[in-house]
Amino acid sequence: MDKLEKIFEMQKLLDDDIAARRHLEFSTEEWMQKEVLAMLSELSEVLDEVNFKWWKNKKPLDSDALRNELVDILHFFVSMCIRSGMNADELFARYLEKNKENFDRQYGRSEKEGYEVIDGQG
């Protein structure tokens, strides 16, 4: 089992445990809404760690706290993948496909409008 598969397996166990212990029953749509909100909350915590408030005195960057917030985001992201029916293999395959498309867009090789190479770029 690779690392991504292990993350998916562990997240499924955690999600199932939380739902059972707290007697939570929501539709897929409701779970997604809740997890998006949870992820937004975690993203806000990342912002707090990286001194985005220009009106406040800066504090030293706490790399450990920042990394923990990123892991929190991963928890909710993987939960959303699982609830959508996506497993680690499909996520990996879709990532590869999208990564290639993103490079193609930057080099004018995409069919998507707005990514044509303009003289002097690329």
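The values are calculated or read from the model by the stated rules, or taken from the named source; none is laboratory data. This structure is a prediction, so every number in the text was calculated from the model and none was measured. Methodologically, a virtual Cβ is constructed for each residue, glycine included, from the backbone with ideal geometry; neighbour enumeration extends over all protein chains shown.
Let me spell it out: the conditions are (1) in a helix (DSSP H, G or I); (2) modelled with pLDDT of 95 or more, and R105 meets all of them except one. Which number is the exception?
(2) is the only condition that R105 fails.
Any chance you could count how many residues in segment 3-49 are over 23 Å from N68 (Cβ atoms) and in contact (Cβ under 8 Å) with a residue 24 or more places away in the chain?
The total comes to 3.
Return the total of residues in segment 68-81 being closer than 14 Å to K34 by Cα and of a type outside the set (S, T, Y).
7
Of everything in segment 14-68 that's in contact with a helix residue (DSSP H, G or I) (Cβ under 8 Å, 6 or more places away or on another chain) and small (G, A, S), which residue is surrounded by the most Cβ atoms within 10 Å (Cβ to Cβ)?
By that ranking, first place goes to A38.
Quick check on my filter: what residues within segment 11-54 are modelled with pLDDT under 95 and aromatic (F, W, Y)?
F52, W54
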